[in-house]
Amino acid sequence: MSLIEVSHVEFTYPSGRAPVLRLPEFRVEKGERIFLFGPSGTGKTTFLEIMAGVLRPQKGSVRILGQDLGALSPAGRDRFRADHIGYIFQSFNLIPYLNVRENIELPLHFGSRPGKNQLDHLVKSLGIGDLLARPVTELSVGQQQRVAVARALIGSPELILADEPTSALDMDHRERFLKLLFDLAGESQTTVVFVSHDRSIQKLFTRAVSLADLQAVTA
Amino acid sequence: MIFLRLAWKSLRNRLLATSLTALSIALSVALLLSVERTRRAAEEGFMSAISRTDLIVGGRTGPLQLILYTVFNLGNATHNISWESYQDWAKNPMVEWTIPYSLGDSYKGYRVVATNGDFFTHYRFRGDRAVEFAEGVKPNGLWDVVLGAEVARRLSHRVGDDIVLSHGATKGESFQDHRDKPFKITGFLRPTGTPIDRSVYITLPGMEALHIDWQDGAAPTAAKRVAADSLKVENLKIHTITAFFLRTKSRIETLRLQREINTYKEEPLLAIIPGATLQELWHSLGYAERVLRLISALVVVVGFAAMLIALTTTLNERRREMAILRSLGAGGGRMVGLLVFESGLLTLAGIAGGTALSLGAFAALGPWLENEFGFYLVGPALTGIDLLVLTGIFLGGLLIGLVPAVRAQRQALKDGLSVRT
Ligand SMILES: Nc1ncnc2c1ncn2[C@@H]1O[C@H](COP(=O)(O)OP(=O)(O)OP(=O)(O)O)[C@@H](O)[C@H]1O
Ligand SMILES: [Mg+2]
């Protein structure tokens, strides 16, 4: 059993005419670190959200850890995501009225991931240790992104889906983030699917996948 | 714990919208409680305008008419009672005390009541409250007059002032002043919150003396006029009174006495039990009460509508926030719980604020209401029914919170996440 098994998925936005995504086959094994790339607007975010159960494909099936996401209720999918997936949103999605610490700890309250003691280590490595009590609205974009990263990593989920998590980070933090991510991934055999434009870090991953190539098979 | 903190921080984050919603609920609750309390006070004040009196006796008319002209200063008596009949009943062994009332004159629109010391000794209202003097003494001499609290305040007289009474009790009658026989003010009564405040009191001989030279309701000609200083209390014989109040020695005898008076052979009389007649009168005024109740109900409905609108608009602003929480695993039940919890908190704050507002306002304005309007806040500030209604409002608030919560639940996660803020 692969950790991620996507087969014959087709997705069209309710407002769109043509399918954004038509994807015959995609598998990721446990412990793999996938680098997913493609030009802007090709559907990388859409694909990640399908794997996270945020979007539901009209056709095909998505299995994570053997669980068919399509078989779950919307609330069941929310719960499954909280328990097993750390998702770093391209647009961060922080709760504006909570402070840094509260934002990072949110998934621990809703899912069953233990991880309160990871917090210090996480924020220190990401360089936001001093910001814990600050409202997230007072952070720079790069700082916000690091908070979103910490929130996804806390509790050591089995799968991390990262949507351009380093776009707003400087070189220094980008490397620290990757080091942290791979440390964690190494410790608990976490699987990573990582979307980025920055091909310079591609070599650090076990496999690089072009979304266009994935889709091209259909044609 | 996170539940409470999320709710609290989210409410605080939208402080203006939140406090406006709570304020609108508070105002509705305050209005509701105030209308209810006013209604209760009105009923209470009405029902307790007279107490301790077991029977009111007058010439043969309708019971409502009798209580209206004796207790409420409204309307006129059509028949009088002869002094002999009155004495007959006053001396009845079943009777503890009586208070004679003689009506028919007025002072600047206020009723003149001719009575004797028994009124000041025995008359009771609102339980066991007696008529008390704010200043001066009760009328004793022929030309003594005492003013009720409102009369005194409105007309700003002083003890010792001379005043002229007018013939006729109601506005419709053509007034003729008793200019030749002025009265001297000997005292003012304390406010009672009853029609006593709007009455003027003289003695029975005073009333007799005032009309000694009148014939068949017509003023005397100059020649026939009797000078005021030629009249002496000792020489005046009282012929009639308008009505009298009566207290039995034992309540059990009230009905028997009533029957006996109503079948009195010497003169047609009517005896009524004030409590029963007041009840009847209040019910015939039930229209006003129903209107007040309707206003209360409408106030609550409007309050709820305002709350629903407020909660729904804030929810629209919060779609993204809700979606983020869901994306982090907050399940349907939790989200509904969170929203219902928030609206419950808001409703509770509104109810608490409104109750405090209403109680505070009455506490602050109570004395002013008493002075200015003779409106007494009798009875409890909050009744069991009030508490029941407040509980109902709270439950309604929770229910209303459920509407946007369920709506939020229906929304696709992606839609919420795509909302730009
Ligand atoms: N909510 C939506 N409704 C309709 N169409 C959408 C929606 N979101 C994205 N799309 C369309 O779907 C396509 C894929 O979008 P997606 O966000 O997945 O691209 P992406 O590869 O992540 O791009 P980028 O690198 O810029 O983040 C785009 O053409 C976009 O216009
Ligand atoms: Mg994208």
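A few points about this structure:
- Entry remark, the stretch A:161-199: residues being hydrophobic (A, V, I, L, M, F, W, C) and open to solvent by 50 Å² or more (accessible area, probe 1.4 Å) number 1 in total.
One line per residue, one yes/no per condition, for (1) more than 14 Å from ligand 1 (Cβ to nearest atom); (2) open to solvent by 50 Å² or more (accessible area, probe 1.4 Å); (3) not polar (S, T, N, Q):
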| site | (1), (2), (3) |
| --- | --- |
| A:Ser15 | no, yes, no |
| A:Gly38 | no, no, yes |
| A:Gln58 | no, yes, no |
| A:Ile85 | yes, no, yes |
| A:Ile88 | no, no, yes |
| A:Leu98 | yes, no, yes |
| A:Pro107 | yes, no, yes |
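- Flag for B:Thr18 being modelled with pLDDT of 85 or more and more than 25 Å from B:Asp128 (Cα to Cα): yes
- Residue within the stretch A:27-35 that is touching a strand residue (DSSP E or B) at 6+ places or on another chain (Cβ under 7 Å), without any contact (Cβ under 8 Å) to a residue 60 or more places away in the chain and more than 13 Å from ligand 1 (Cβ to nearest atom) present: yes
- Note on the stretch A:84-194: enclosed helices (runs of 4 or more DSSP H) holding 1 or more residues that are under 19 Å from A:Gly31 (Cβ atoms) are A:141-153, A:171-188.
- Conditions (1) more than 16 Å from ligand 2 (Cβ to nearest atom); (2) in a loop (DSSP other than H, G, I, E, B); (3) out of contact with any Phe, Trp or Tyr (no Cβ under 9 Å at 6 or more places or on another chain); number of the one not met by A:Gly53: (3)
- When B:Leu388, B:Leu315 are checked against the criterion of being at pLDDT 90 or above and away from every other protein chain (no Cβ under 14 Å), B:Leu388 stands alone in meeting it.
- If you go through the stretch A:47-56 and pick out every residue that is open to solvent by 10 Å² or more (accessible area, probe 1.4 Å) and β-branched (Val, Ile, Thr), you end up with 1.
- Residue satisfying condition, being surrounded by 16 or more Cβ atoms within 10 Å (Cβ to Cβ), within 14 Å of chain A (Cβ to nearest Cβ) and within 18 Å of B:Val336 (Cβ to Cβ), within set B:Ala412, B:Ala408: B:Ala408
The rows are residues; the columns are (1) among the charged types (D, E, K, R); (2) surrounded by fewer than 20 Cβ atoms within 10 Å (Cβ to Cβ).
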{"site": "B:Arg5", "(1), (2)": "yes, yes"}
{"site": "B:Lys9", "(1), (2)": "yes, yes"}
{"site": "B:Ser28", "(1), (2)": "no, no"}
{"site": "B:Leu33", "(1), (2)": "no, no"}
{"site": "B:Glu43", "(1), (2)": "yes, yes"}
{"site": "B:Thr61", "(1), (2)": "no, yes"}
{"site": "B:Ile67", "(1), (2)": "no, no"}
{"site": "B:Leu74", "(1), (2)": "no, yes"}
{"site": "B:Glu84", "(1), (2)": "yes, yes"}
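- For the stretch B:353-366, the condition holds for no residue, the condition being that it is away from ligand 2 (no atom under 16 Å from the Cβ), at pLDDT below 80, surrounded by 13 or more Cβ atoms within 10 Å (Cβ to Cβ) and at negative phi.
- Pairing residues of the stretch A:39-59 that are more than 10 Å from chain B (Cβ to nearest Cβ) with residues that are charged (D, E, K, R) and within 9 Å of ligand 2 (Cβ to nearest atom), at Cβ distances under 8 Å and at least 6 apart in sequence or on separate chains, gives A:Lys44/A:Asp163; A:Thr45/A:Asp163; A:Leu48/A:Asp163.
- Some residue of the stretch B:65-85 being of a type in the set (Asp, Glu) and under 19 Å from B:His122 (Cβ atoms): no
Every residue, every condition in (1) at pLDDT 80 or above; (2) surrounded by 12 or more Cβ atoms within 10 Å (Cβ to Cβ), yes or no:
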site	(1), (2)
B:Ala223	no, no
B:Val226	yes, yes
B:Asn235	yes, no
B:Ile241	yes, yes
B:Leu246	yes, yes
B:Thr254	yes, yes
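- Some residue of the stretch A:91-103 being more than 10 Å from chain B (Cβ to nearest Cβ) and out of contact with any strand residue (DSSP E or B) (no Cβ under 6 Å at 6 or more places or on another chain): yes
- The one condition in (1) within 13 Å of ligand 1 (Cβ to nearest atom); (2) open to solvent by 30 Å² or more (accessible area, probe 1.4 Å); (3) more than 16 Å from the chain's Cα centre (by Cα); (4) not hydroxyl-bearing (Ser, Thr, Tyr) that A:Gln202 fails to fulfil: (1)
- The condition of being over 30 Å from B:Trp89 (Cβ atoms) and open to solvent by 60 Å² or more (accessible area, probe 1.4 Å) holds for only one of B:Arg293, B:Arg320, that being B:Arg293.
- Considering residues of the stretch A:17-36 that are assigned to a strand (DSSP E or B) and open to solvent by less than 50 Å² (accessible area, probe 1.4 Å) only, the residue farthest from ligand 2 (Cβ to nearest atom): A:Pro24
- Residue that is within 18 Å of B:Ser327 (Cα to Cα), more than 16 Å from ligand 2 (Cβ to nearest atom), at pLDDT 90 or above and under 15 Å from the mean Cα position of the chain (by Cα), where the choices are A:Leu94, A:Leu72, A:Leu98, A:Leu48: A:Leu94
- Annotation: of all residues in the stretch B:260-288 being small (Gly, Ala, Ser) and within 16 Å of B:Thr70 (Cα to Cα), the one that is surrounded by the fewest Cβ atoms within 10 Å (Cβ to Cβ) is B:Ala276.
- The residue that is farthest from the other protein chains (Cβ to nearest Cβ), among those in the stretch A:63-82 that are buried (at least 18 other Cβ atoms within 10 Å of the Cβ) and in contact with a Phe, Trp or Tyr (Cβ under 9 Å, 6 or more places away or on another chain), is A:Ile64.
- Which numbered condition B:Glu267 misses (of (1) assigned to a helix (DSSP H, G or I); (2) under 41 Å from the mean Cα position of the chain (by Cα)): (1)
- Qualifying residue in the stretch A:166-189 (condition: within 14 Å of chain B (Cβ to nearest Cβ), within 16 Å of ligand 2 (Cβ to nearest atom), touching a helix residue (DSSP H, G or I) at 6+ places or on another chain (Cβ under 7 Å) and not hydrophobic (A, V, I, L, M, F, W, C)): no
- Of all residues in the stretch B:6-57, those that are under 30 Å from B:Arg129 (Cα atoms) and either assigned to a loop (DSSP other than H, G, I, E, B) or within 14 Å of chain A (Cβ to nearest Cβ) (or both) total 6.
The values are calculated or read from the model by the stated rules, or taken from the named source; none is laboratory data. Bear in mind the structure is a predicted one, so any value in this text is a computation, not a measurement. Heads up, the Cβs are rebuilt from the backbone with ideal geometry, glycines too, and the neighbour counts pull from every protein chain shown. Only protein heavy atoms, including side chains, enter the accessible area calculation; ligands, DNA and RNA are left aside. Shrake-Rupley method; radii C 1.70, N 1.55, O 1.52, S 1.80 Å.
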